[in-house]
Structure formats: structure tokens, C-alpha cells
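J.: Below is one structure. I have some questions about it.
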Amino acid sequence: MRLTGGGDLAPGTMNSSGSGNFLLVPIPEYPLLDCVPNKTVKIVVLGASNVGKTALIVRFLTKRFIGDYEANTGALYSRKVTLDGEEVSLQIQDTPCVALQDDAEGLYCQEQINRSIYWADGYVLVFSITDHSSYRTIQPLYQHVRRIHPSGNIPVILVGNKSDLLRARQVPADEGETLAASLGGVYFEASARENHEGVHGAFLHLCQEVIRALGGGNGEKRRGGLHLARPKSPNMQELKRRFRQVLSSKVKSATTI
Ligand SMILES: Nc1nc2c(ncn2[C@@H]2O[C@H](COP(=O)(O)OP(=O)(O)OP(=O)(O)O)[C@@H](O)[C@H]2O)c(=O)[nH]1
């Protein structure tokens, strides 16, 4: 789902300790041109309908929980954050829901989502612990991501949201852990409604994984195991230039003698 309106939080918007449902207006974004050069972490949040994708993003970025959202049109949120003492530009892409096809193998997945998957460096796969069908979407969803990025490291976390609704639980925590391990990621059980710390910890963990995968946050991007060529070290080039200079001056002085 998508946030509505314009500007900062709307009057009457309440934090998680308040009651009632409120519409949230967009989190102010800073222009993409203002990104920290070479330190951009791009994350996409994916999952079935109604699992709390937007609620998790909003919780992470604003510490608030707001109950009602407009239908998702794929909002992109940008923030500067400090990770391990370093400033990075964080971009988080919200997405429309995906759904299992009738054969439960393939996915209904809009083209817009495919583009987001291709664009992203890290993946938040979300299901609701109160909805087993949303959990069953995760494996095919991960396979879909793999098809778009067939090789290479895929930084991923699995979030079982709505952990405040324990009585309605349909997915035991150990199923979440097993699935996350099979995807090569970590499982976080979280409640966008009731707990900021859990959500914050999950997103930060993924950011750190992305920075590691990108090579220490130096902005080099790996795509499908393809390593972009590093520019030659300026120091080496300078050394070679000086070496050539010394050689030619030696040749000159040898010829003048
Ligand atoms: N109890 C509870 N409700 C939640 C939680 N997170 C989200 N919700 C509610 O679940 C509903 C769906 O939340 P959204 O964030 O819109 O979910 P979404 O995955 O973006 O939904 P789609 O637009 O269908 O893709 C809303 O009514 C939220 O208030 C949670 O942690 N606990």
C-alpha cells in the first residue's frame, strides 16, 4: 500500500501508542541528486497482499504505525542514514502485492515489481504470521528474484510480520527460521503495529548485508556475479609515469655524455 497526501505527517497522525487509524502523508524525501556519492543502499520490500509491507517501511522510517493506507502504487522513499559511523543514502521501494498462481508454483508479479527487483541491492521478503498462504508465497518469490539475479550473492531477510497477533498465528516461528535459512538469510519476527526496535533491527541488518555485498560500501555493484572493473589505482599510474620520466631522463643524460 501507499502513503497519501503531501508534506510532513498530517495533523492528527498518531504514533503507535495512540489509538485509531489515520492516513499518513508521504515521508519527506530528499532529492535523489542529494545522495551520498557512491554510498547508496537500494532495498525493495516484497510480499503478498495485506502482510504489512507499507506498515513496516513507515515504522522503520518514522517510528510510527498508521492503520490505513491508499492502494500501493510503488512509492520510493529516500533517506540518509548512518551505518557503522558512515553516512549512506538509503532508498526503499514499496511494491504492489504478489500472488501465487493457481498451480501455486508461479507468481502473478507486475512488470513494475520485476523492475524493482532488478534495481535493488537487498530484499525484504514479508509474510504475515497470521496468514499461511502469504508464507507459501515466499519460496516462489525468492525463486523469482533468483531468476532476475541468477548468480551472485542476494542479500535477503525474511520478516514474519504481525507478531502482535499471536492468537491468530498460522506460521510457527521455526517454519520462518527454516525458510530463511534455506534462502541464505535471517528470519525476523516483527510487529509493525507494536514494536519499532524489531523492525529497525531487521532493516539495519539488511543494510549491513548489502554494504558487505557491495564491497564495503564503496559503491561498486555486483550483478549476477559480474564484477565491474575497478578503475586503475591513480597511485600506480602516477608511479608508472614517474618511472617513464626517470627512464627517459637517464636515456637523455646517457646520450649527452
Ligand atoms: N495487527 C497488526 N496489523 C498490521 C501490522 N502491520 C500491518 N498491519 C495492518 O495490516 C493491513 C495491511 O497493511 P499494509 O502495510 O497496507 O500491507 P501491504 O502489504 O502494504 O498491503 P498491500 O497493499 O495489499 O500489498 C493494514 O490494515 C495494517 O494496519 C502488524 O504488525 N500488526
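The values are calculated or read from the model by the stated rules, or taken from the named source; none is laboratory data. Quantities reported herein were computed from a predicted structural model and do not represent experimental measurements. Don't worry about glycine lacking a Cβ; one is built from the backbone with ideal geometry, like all the others, and counts go over all protein chains shown. Accessible surface is based on the protein model in full, side chains and every heavy atom, while ligands, DNA and RNA are left aside. Shrake-Rupley method; radii C 1.70, N 1.55, O 1.52, S 1.80 Å.
J.: Expressed in nm to one decimal, what extension gain is obtained for the pair L166 and V186 from 0.36 nm per residue of sequence separation less their Cα-Cα distance? Could you put the intermediate results ahead of the total?
T.: Details: separation 20, 0.36 × 20 = 7.20 nm, distance 2.07 nm.
The L166-V186 span can extend by a further 5.1 nm.
J.: To the nearest 10 square angstrom, what accessible area does R136 show with a 1.4 Å probe?
T.: Near enough 130 Å² of accessible area.
J.: Shifting gears a bit: Can you run phi through the Karplus equation (6.51, -1.76, 1.60; θ = phi - 60°) for segment 50-55 and list ³J(HN,Hα) in whole Hz, with x for Gly and Pro?
T.: For segment 50-55, the Karplus curve yields 6, 8, x, 4, 5, 4 Hz.
J.: Excluding ligands, DNA and RNA, what is the solvent-accessible area per residue of segment 72-136 at a probe of 1.4 Å, expressed in Å²?
T.: Working: 2770 Å² over 65 residues.
Averaged over the residues of segment 72-136, the accessible area is 43 Å².
J.: Another question, if that's okay. Pulled fully out, how much extra length does the chain show between H132 and Q208, if you take 0.36 nm times their separation in residues and subtract their Cα-Cα distance? Spell out each step's value before the answer.
T.: Details: separation 76, 0.36 × 76 = 27.36 nm, distance 2.91 nm.
Stretched fully, the H132-Q208 segment lengthens by 24.4 nm.
J.: In nanometres, what is the gap between the two model label sites at W119 and L76, each 7 Å from Cα along Cα-to-Cβ?
T.: 0.4 nm
J.: Hey, any idea what % of segment 76-186's accessible area is carbon plus sulfur with a 1.4 Å probe?
T.: Working: 2440 of 5030 Å².
Roughly 49 percent, rounded to a whole number.
J.: Label E111 and E197 with points 7 Å out from Cα along Cα→Cβ: what is the distance between them in nm?
T.: Distance between label points: 4.6 nm.
J.: Got a sec? What order do Y135, Y123, Y108 fall in by accessible area at 1.4 Å, biggest, i.e. largest, first? Walk me through the numbers on the way to the answer.
T.: Values: Y135 35, Y123 5, Y108 120 Å².
Ranked list, largest accessible area first: Y108, Y135, Y123.
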